[in-house]
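Coordinate-derived values only; no laboratory data. Just so it is clear, the structure is predicted and the values come from calculations on it, not from any experiment. Here Cβ is always computed from backbone atoms with ideal geometry, including for glycine, and neighbour counts include all displayed protein chains.
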Amino acid sequence: MAKWVYMFTEGNATMRNLLGGKGANLAEMTNLGLPVPQGFTITTEACTQYYEDGRQINDEIMAQIMEAITKMEGVTGKKFGDKENPLLVSVRSGARASMPGMMDTILNLGLNEDVVNVLAEKSGNARWAWDCYRRFIQMYSDVVMEVGKKYFEELIDKMKADRGVKLDVELTAEDLHELAEQFKAEYKAKIGADFPTDPKEQLMGAIKAVFRSWDNPRANVYRRDNDIPYSWGTAVNVQMMAFGNMGDDCGTGVAFTRDPATGANGLFGEFLTNAQGEDVVAGVRTPMHISEMEQKFPEAFVQFKQVCETLEKHYRDMQDMEFTVEHGKLYMLQTRNGKRTAQAALKIACDLVDEGMRTEEEAVAMIDPRNLDTLLHPQFDAAALKAATPMGKGLGASPGAACGKIVFTADDAVEWAERGEKVVLVRLETSPEDITGMKSAQGILTVRGGMTSHAAVVARGMGECCVSGCGDIAMDEENKKFTLAGKEFHEGDFISIDGTTGNIYDGIIPTVDATIAGEFGRIMAWADKYRTMKVRTNADTPADAKKAVELGAEGIGLCRTEHMFFGEGRIDAFREMICSETAEEREKALEKVLPYQQDDFKGLFEALEGNPVTIRFLDPPLHEFVPTDEADIKKLADAQGKTVEQIKTIIASLHEFNPMMGHRGCRLAVTYPEIAKMQTTAVIRAAIEVKKAHPDWTIKPEIMIPLVGDVKELKYVKKFVVETADAEIKAAGSDLQYEVGTMIEIPRAALTADEIAKEADFFCFGTNDLTQMTYGFSRDDAGKFLNAYYDAKIFENDPFAKLDQVGVGKLMKMAIELGKPVNPNLHVGICGEHGGDPSSVEFCHKIGLNYVSCSPFRVPIARLAAAQAAI
Ligand code: PEP
Ligand code: MG
């Protein structure tokens with residue numbers, strides 16, 4: 001028979017998966033001989049079983065719970081519903097990974113009218129007894145029976161008004177007694193049955209409610225944000241109540257062994273006399289600093305300080321503890337490794353190494369790579385943010401905080417920024433044309449688009465705050481206004497957006513610049529020491545590349561050359577190329593672009609100082625580059641000696657129903673070899689120039705052909721790339737070496753990687769497209785249905801943000817296994833957005849990738865994640 005229930009005396013800290021964090025630590029504290037009110041833990045497996053049984057607690061589990069109650073009664077000497085010595089318990093959730101505040105808790109369980117009277121008499125404190133009871137009815141009704149809290153709060157307010165008092169504590173025992181009666185009547189009115197008096201019935205209701213709370217929307221979102229699988233389930237802890245609210249010699253508190261905001265070593269926390277746990281958390285009364293506890297409860301304080309030391313030494317990490325003092329006696333209710341800010345995490349990890357408690361590897365493993373994000377971007381002022389209420393929410397597509405005046409076009413963004421205004425660019429969606437505007441803005445907000453939409457990818461690349469896909473915005477771009485949360489916003493109105501949470505705020509929330517503490521460098525140096533995978537960056541400009549190098553990038557894994565066609569002077573020539581009708585016309589136009597491209601590539605080689613640079617040839621369909629407004633069309637017509645009508649006809653002919661699957665990638669190189677030839681010439685000339693200037697650098701360009709599905713495509717394009725390159729090298733009398741490789745981003749390429757590897761010097765997984773094409777989900781439109789997929793538990797995460805290791809990952813693994821034996825020199829990387837996602841980086845390490853490549857601001861995250869994968 002499976003064991004579903006463990007007494008605290010039966011578990012230990014290593015049983016976290018089964019007992020949850022709280023349960024495992026309560027058992028561990030019991031083993032350490034610390035003063036823990038005793039009880040038992042119902043396992044996470046019982047939670048999973050509850051869901052498998054159709055949200056029922058089966059007979060076997062029920063029987064073990066009943067047995068545990070009997071044992072608990074034996075250990076505590078108290079009994080459920082007893083007239084002499086009644087047992088009251090707390091029922092609390094406890095998942096493997098802590099999910100603070102996400103699930104439910106019930107306190108003071110076991111109370112009924114008889115028990116209240118016993119407690120009142122025994123304690124000589126009727127007020128306390130009735131207060132516990134009314135709290136219990138309120139909590140049980142809310143959490144277990146889902147009767148809204150507000151009905152009870154209204155009754156309390158009414159009672160206070162009737163009695164002419166302001167504070168809860170001013171209500172007398174009689175008032176609270178009457179309130180409990182009113183609560184029970186309210187319960188009956190809403191539920192249609194009497195409030196349960198049998199403690200065992202109460203307990204089963206509470207356990208079910210905690211299991212059920214694993215699946216509440218709040219918890220589901222938290223799990224998605226924190227990479228916690230739904231399948232883990234939560235444990236339930238049933239623990240004897242210790243009372244902090246029995247009088248002035250009682251109290252309750254929450255404390256950390258180090259400051260969770262700064263990491264400073266020293267006790268940090270809050271304490272309230274004559275109160276129960278939720279009073280501290282709920283902020284009903286202002287708690288005192290933990291140090292003041294020394295005067296109120298000198299003995300308990302000395303003991304508490306010892307407990308803190310014991311626990312921190314034992315867990316070798318900063319602890320977050322809850323405790324209660326009942327008539328001067330200390331009880332430990334919980335301990336866990338405390339949540340902390342990114343800055344505190346770095347300091348604590350370094351301090352623990354210096355204090356000899358942790359090794360460097362352990363310190364590296366302690367930092368959550370996702371937290372580093374917050375250290376690299378401007379942030380909202382914490383107090384101002386706390387006071388603000390979001391008016392909408394999109395995807396937190398690129399972290400950071402932005403506050404500025406609303407503008408609706410990229411041109412306005414540039415213009416307003418030039419005259420010193422801070423702006424937030426709000427668009428239905430962005431396109432490559434908007435890049436300069438995006439750069440000028442503090443942040444970008446879009447109505448459409450997912451985590452790999454243009455706006456999201458580009459913003460992350462620029463390290464700029466972006467909230468994408470806020471479908472609640474009713475946009476009127478033409479009239480430069482939109483409506484959100486019932487309010488109309490116009491050009492020039494202030495708005496604030498949080499690229500980490502996706503929250504959108506009306507008005508100004510001040511921002512503060514990111515600071516990188518000294519410990520950041522130490523942790524990164526340790527990470528570099530232990531990782532085996534290289535980390536490159538996706539960068540299209542020398543400025544981005546330099547930033548990435550500063551952040552530790554060891555090469556460029558992806559330069560999207562199409563982003564280079566939009567600068568001053570280039571777009572006109574490029575448009576002439578697109579609208580050419582003969583090869584000569586086209587070549588003439590491309591000749592104008594060539595020097596610009598060559599200059600761009602030179603800048604990249606220089607920024608990387610001899611580290612590898614992968615340049616991907618033109619990828620998006622040509623229609624993305626054609627002019628849309630009349631003035632630009634006219635300008636192009638004049639330049640080409642054509643009529644506006646002729647240009648419009650050419651533009652119309654480029655229209656595609658499904659551009660993502662259309663005339664893009666190597667298909668462009670097949671139809672217009674001149675483009676790829678021009679790009680080859682630019683790459684090779686730039687490389688030769690930089691090599692000459694810096695003979696000590698290793699300049700070996702990596703030319704990458706996108707969207708290959710058949711080896712013959714690669715062979716065809718490679719032939720003229722090589723011919724062009726070799727001719728350039730020969731003409732220059734250089735010995736430059738270069739590589740030609742391909743992206744693996746079409747499933748067929750992965751399936752036939754053994755053939756492709758014969759022609760490719762390297763593979764780079766384009767997991768944005770590979771995910772799109774493996775699932776058959778459009779990467780731009782998937783946001784429309786992903787929420788329904790989360791609700792239906794089909795997906796737990798966005799597959800465009802976190803790699804689908806089962807399907808897409810299998811194709812990657814297959815491609816490596818097929819490719820490497822054919823070409824032992826083949827090097828393999830990833831440059832899709834997943835290259836900066838910690839769990840995806842871990843997977844890349846496992847399947848043997850040589851490097852991951854990600855946007856500049858994710859480089860430190862990838863370095864840390866790569867180290868954690870290797871440790
Ligand atoms: C990819 O598809 O993963 C990729 C990196 O290329 P892009 O996002 O430019 O299509
Ligand atoms: Mg791609």
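Once both labels are modelled 7 Å past Cα along the beta-carbon direction, what's the Asn787-Glu181 spacing in nm?
In this crude spin-label approximation the distance works out to 4.7 nm.
What list of ³J(HN,Hα) couplings, whole Hz, do you get for the range 829-839 from phi and the Karplus terms 6.51, -1.76, 1.60, once you set θ to phi - 60° and write x for glycine and proline?
Once rounded to whole Hz, the list reads x, 9, 10, x, 4, 5, x, x, 9, x, 6.
Order these by the 10 Å Cβ neighbour count, fewest first: Phe857, Phe80.
Phe80, Phe857
When the chain is fully extended, how far beyond the present Cα-Cα distance does Arg163 get from Lys730, taking 0.36 nm per residue of separation?
194.4 nm
Could you tell me what percent of the DSSP beta bridges with both partners in the chain are antiparallel, to the nearest 5?
Restricted to the chain, the bridges split so that about 65 percent are antiparallel.
Taking H placed 1.01 Å from N in the peptide plane, check which residues at least 5 places from Phe765 or on another chain put their amide H under 5 Å from its amide H.
Ile744, Gly829, Ile830, Cys831
Please work out the FRET efficiency for the pair Glu477 and Lys810, using the Cβ-Cβ distance as r and a Förster radius of 51 Å; give the result to the nearest 0.05.
According to the calculation, E is roughly 0.75.
Under a straight-distance cross-link criterion of Cα-Cα below 17 Å, which lysines are reachable from Lys190, leaving out those fewer than 8 residues away in the same chain?
The reachable lysines, counting only those whose Cα sits under 17 Å from Lys190, are Lys149, Lys150.
To test your reading of the geometry: what angle, between 0 and 90 degrees and rounded to tens, separates the Cα axis of helix 673-693 from the longest principal axis of the chain?
Tilt of helix 673-693: around 80 degrees.
Determine, for Phe785, Phe380, Phe777, the number of other Cβ atoms within 10 Å of each Cβ, and report the residues in order from fewest to most.
Fewest-to-most Cβ neighbours within 10 Å comes out as Phe785, Phe777, Phe380.
As an exercise, use a Förster radius of 45 Å and the Cβ-Cβ distance of Glu585 and Met660 to find the FRET efficiency, rounded to the nearest 0.05.
For Glu585 and Met660, the calculated efficiency is 0.95.
Run the numbers for Thr9 and Tyr530: contour at 0.36 nm per residue of separation, minus the present Cα-Cα distance, in nm.
Taking Thr9 through Tyr530 to full extension adds about 183.7 nm, to one decimal.
Among the aspartates and glutamates, which fall within straight-line cross-link reach of Lys810, defined as a Cα-Cα distance under 12 Å, with same-chain neighbours fewer than 8 residues apart omitted?
none
Just to be sure I understand the model, the point goes 7 Å from the Cα along the line to the Cβ. What's the resulting Lys305 to Glu429 distance in nm?
Modelled inter-label distance: 6.3 nm.
May I ask you to derive the FRET efficiency for Glu73 and Thr197 from their Cβ-Cβ distance with R0 = 22 Å, giving the value to the nearest 0.05?
In this case the efficiency is close to 0.75.
Collect residues whose amide H, placed 1.01 Å from N in the peptide plane, falls under 5 Å from the amide H of Lys534; neighbours closer than 5 in sequence don't count.
Answer set, sorted by chain and number: Tyr851, Val852.
May I ask you to evaluate 6.51 cos²θ - 1.76 cosθ + 1.60, the Karplus curve with θ = phi - 60°, for each residue of the range 640-657 and list the ³J(HN,Hα) values in order in whole Hz, giving x for glycine and proline?
Each residue's phi maps through the Karplus curve to give 8, x, 10, 8, 4, 4, 4, 4, 5, 5, 5, 4, 4, 5, 7, 4, 10, 6 Hz.
Classify the range 153-280 as rounded, prolate or oblate from the Cα gyration tensor: take a ≥ b ≥ c as the square roots of its eigenvalues, call it rounded if a/c is under 1.5, otherwise prolate when a/b beats b/c and oblate if not.
It comes out oblate by the Cα gyration axes.
Over the chain, what is the relative contact order in percent, taking alpha-carbon pairs closer than 8 angstrom and at least six residues apart?
So the answer I get is 9 percent.
Would you mind checking the pairs Lys592/Lys730; Lys22/Lys313; Lys83/Lys184; Lys393/Lys546 and listing those with alpha carbons more than 26 angstrom apart?
In this structure, Lys393/Lys546 exceed 26 Å between Cα atoms.
To test your reading of the geometry: what angle, between 0 and 90 degrees and rounded to tens, separates the Cα axis of helix 113-123 from the longest principal axis of the chain?
The two axes meet at around 70 degrees.
Roughly how tilted is helix 342-354, in degrees to the nearest 10 and between 0 and 90, from the longest Cα axis of the chain?
Rounded to the nearest ten degrees, it is 80.
Suppose a student asked you for the relative contact order of the range 251-337, using Cα pairs under 8 Å spaced at least 6 residues apart; what percent would you report?
Contact order relative to length: 30 percent.
Which percent, to the nearest 5, of DSSP beta bridges fully inside the range 378-512 are antiparallel?
Of the beta bridges lying entirely in the range 378-512, close to 70 percent run antiparallel.
Taking other Cβ within 10 Å of each residue's Cβ, how do Arg858, Arg358 sort, fewest first?
Fewest to most other Cβ atoms nearby, the residues stand as Arg358, Arg858.
List the residues of the range 781-800 whose backbone N lies under 19 Å from a point placed 7 Å from the Cα of Asp227 along the Cα-to-Cβ direction.
Residues passing the 19 Å test: 795-800.
Taking the alpha-carbon distance from Lys79 and a cut-off under 18 Å, which lysines remain once sequence neighbours fewer than 8 residues away in the same chain are dropped?
Excluding near neighbours in sequence, the set is Lys71, Lys122, Lys200.
Kirkwood Rh over Cα pairs of the chain into Stokes-Einstein at 37 °C, 0.692 mPa s: D in µm²/s?
Reported coefficient: 108 µm²/s.
Short version: ³J(HN,Hα) in whole Hz for each residue of the range 36-52, in order, from phi by Karplus 6.51 cos²θ - 1.76 cosθ + 1.60 (θ = phi - 60°), x for Gly and Pro, what are they?
10, x, 7, x, 8, 10, 8, 6, 5, 5, 5, 5, 4, 4, 4, 6, 5
Using Cα pairs under 8 angstrom and six or more residues apart, how large is the relative contact order of the range 1-99, in percent?
32 percent
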